[in-house]
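Undergrad: The structure's right below; bear with me while I get my questions together.
Throughout, read-outs are computed from the coordinates displayed, never taken from laboratory work. The structure displayed is predicted, hence computed values, not measured ones. Virtual Cβ from ideal backbone geometry, glycine too; neighbours counted across all protein chains shown.
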Amino acid sequence: MLYKLLLNIYHLNWLAQLFAIFIAFLAPISSVIHVVIFLLIIDMITSIYYQMKSATADKKGFWNCLMIAFKVVESGKLRKTIEKLFFYVLILIVFFVFDLFILKVVPVSENTIRTFSITNIASVLIAIVEMTSIASNVSKITGNPIFNKIVSIFKKKAEQKMEIDE
């Protein structure tokens, strides 16, 4: 099977071969990239839903609500999400290369739980930022401050942990 795969890649043009090598190189962090993409999509959906809900709160009629809801989704806001996605993935790739060739650590493996990996730290921080944003959006949508309380408790615990470490 591997022989067939290599034979198929061999018959591609040079640009497709480079792309295949690049994708194969990033295979170890593909799960991290998928999680970041998933969190960004969920954040975007909850943000758009909250904006639609707040814009149509005092409007009557299905068509009025529908037209206002479509005006909420702006290309500039979607562009920011795509920019965040691009730079999150770019920084994960840069940190992955740094971990691999400078620190000589393979991130996102069962052995790196005990070792230092910048890719793992960056992915955790990105996930925390996006999950905090999602929790804030859900809190606004539901009108229930429980998610904000959870985030504030988490921040307090993190600050306490930082004080202990220092």
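Undergrad: If packing is taken as the average count of other Cβ atoms within 10 Å, what order do 87-98, 8-19, 137-148 fall into, highest mean first?
TA: Values: 87-98: 16.7, 8-19: 10.1, 137-148: 14.7.
Sorting 87-98, 8-19, 137-148 by mean packing, highest first, produces 87-98, 137-148, 8-19.
Undergrad: If R₀ is 30 angstrom, what is the calculated FRET efficiency for the pair Lys157 and Phe22, using the beta carbon separation as r and rounding to 0.05? Working shown, then result.
TA: Working: r = 39 Å, r/R0 = 1.31.
About 0.15, to the nearest 0.05.
Undergrad: To continue, here is another question. Taking 0.36 nm per residue of separation and subtracting the Cα-Cα distance, what length does fully extending Asn144 through His34 add?
TA: 36.7 nm
Undergrad: Follow-up question, since we're still on this one. What FRET efficiency do you get for Ala127 and Ile82 if R0 is 25 Å and r is their Cβ-Cβ distance, rounded to the nearest 0.05?
TA: Working: r = 19 Å, r/R0 = 0.74.
With a Förster radius of 25 Å, E is 0.85.
Undergrad: Estimate the FRET efficiency between Trp63 and Ile93 by the formula 1/(1 + (r/R0)^6), using the beta-carbon distance for r and 35 Å for R0, to the nearest 0.05. Write out the running numbers ahead of the final one.
TA: Details: r = 46 Å, r/R0 = 1.30.
FRET efficiency, Trp63 to Ile93: 0.15.
Undergrad: What distance in nm separates the two pseudo spin-label positions at Leu15 and Ser54, each 7 Å out from Cα along the beta-carbon direction?
TA: 4.4 nm
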